[in-house]
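Structure first, then comments.
The values are calculated or read from the model by the stated rules, or taken from the named source; none is laboratory data. Just so it is clear, the model here is predicted, and its values are computed rather than measured. Cβ placement follows ideal geometry from the backbone for every residue including glycine, while neighbour counts extend to all protein chains displayed.
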Amino acid sequence: MLALAAALAVAGGATAHAAGAKPKPTIVLVHGAFAESSSWDAVITKLGRDGYVAKAAANPLRSVASDAAAVSAIIRSVPGPIVLVGHSYGGPVITEAANGNPNVKALVYVAGFAPDTGESSATLSSMFPGSTLASALAPVASPNGGQDLFIQPDKFRAQFAADVPEEQSSLMAATQRPIAQAALAEASGVASWKTLPSYMIYGTDDRNIPAAVMSFMAKRAHAVKTVVIEGASHALMVSHPDEVTSLIEDAASASE
């Protein structure tokens, strides 16, 4: 009887501890231009195995303000703390979407722009030499009179995903989603990374956003942790999901 009582006491204490434990942050993942939500598949799988709930937002790629509003709606639908993760142009989107949402506890930039107020993806990418994106683009007239931008399929792998297997990069080229040209030139609003802990990961062989630009933004934001992957392309979440997941979990653990 004494042994049974002791066992029940231990079990009860463990249950009370579990009930009082803080929930893990939900991870909201935002893709950038020339990608789509499934680019996060490997990261989502790994996060799930580690007990995290992850949601991949469908980024409209129309304008920073409207795209951020779409992501903000998702944020407001999620109870509890959130870690926002943005790839490429998704960086400006999460930077804006975090504003006014106190449940966002950290920002993770995966080869993503972290703009200050008034900056755009276009101005940041040209801050240092090294981007070859302009010569790889294929503009298409959009119904609103502007232009949508794709990466030419035969240039997609070299430009965007050089360290991704060819068969997979071909699928990525075929399923890429275009971005409105105006979105890349749109000035950003309040820089939420000035008040939220930020984390950065990028590759040295990124041909969309030069490594020098990423390094500049990481230092300016006083990133809690910066991971640099030698030889990695722009498509880090596809080619290096382990490293990307690890950094996201670092941000999440610090937010719990």
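If you take the residues in the stretch 161-181 that are of a type in the set (A, V, I, L, M, F, W, C) and surrounded by fewer than 18 Cβ atoms within 10 Å (Cβ to Cβ), which one is farthest from ILE151 (Cα to Cα)? Write out each step before concluding.
Within the stretch 161-181, the subset of a type in the set (A, V, I, L, M, F, W, C) is 161-162, 164, 171-174, 179-180.
Next cut, surrounded by fewer than 18 Cβ atoms within 10 Å (Cβ to Cβ) only: 171, 174.
Numbers: LEU171: 13, ALA174: 10 Å.
Taking the candidates together, the pick is LEU171.
Which ones in the stretch 18-53 are in a loop (DSSP other than H, G, I, E, B) and buried (at least 20 other Cβ atoms within 10 Å of the Cβ)?
PRO25, HIS31, GLY32, ALA33, PHE34, ALA35
Hey, can you tell me all the residues within the stretch 157-206 that are aliphatic (A, V, I, L, M) and either modelled with pLDDT under 95 or in contact with a Leu (Cβ under 6 Å, 6 or more places away or on another chain) (or both)? Full working, then the answer.
Of the stretch 157-206, the ones aliphatic (A, V, I, L, M) are 158, 161-162, 164, 171-174, 179-180, 182-185, 187, 190-191, 196, 200-201.
Scanning the stretch 157-206 gives ILE179, LEU196, ILE201.
Of the conditions (1) surrounded by fewer than 20 Cβ atoms within 10 Å (Cβ to Cβ); (2) touching a residue at least 24 places away in the same chain (Cβ under 8 Å); (3) out of contact with any Lys or Arg (no Cβ under 9 Å at 6 or more places or on another chain), PRO143 satisfies every one except a single condition; which number is it?
(2)
Yes/no matrix, rows are residues, columns are (1) modelled with pLDDT of 95 or more; (2) buried (at least 22 other Cβ atoms within 10 Å of the Cβ); (3) under 17 Å from ALA33 (Cα atoms); (4) among the polar types (S, T, N, Q):
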position: GLN152; (1), (2), (3), (4): yes, no, yes, yes
position: PHE216; (1), (2), (3), (4): yes, no, no, no
position: ILE229; (1), (2), (3), (4): yes, no, no, no
position: ALA232; (1), (2), (3), (4): yes, yes, no, no
position: PRO241; (1), (2), (3), (4): yes, no, no, no
position: GLU249; (1), (2), (3), (4): yes, no, no, no
position: ALA252; (1), (2), (3), (4): yes, yes, no, no
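Inspect all residues belonging to the stretch 157-178 and state whether any of them is over 26 Å from SER66 (Cα atoms), without any contact (Cβ under 8 Å) to a residue 60 or more places away in the chain, in a loop (DSSP other than H, G, I, E, B) and acidic (Asp, Glu).
no
Restricting the search to the stretch 192-209, which residues are under 16 Å from the mean Cα position of the chain (by Cα) and either surrounded by fewer than 16 Cβ atoms within 10 Å (Cβ to Cβ) or not in a helix (DSSP H, G or I) (or both)? So that I can check it myself, show each step before the final result.
So in the stretch 192-209, the residues under 16 Å from the mean Cα position of the chain (by Cα) come out as 192-193, 196-203, 206, 208-209.
Passing the criteria: LEU196, PRO197, SER198, TYR199, MET200, ILE201, TYR202, GLY203, ASP206, ASN208, ILE209.
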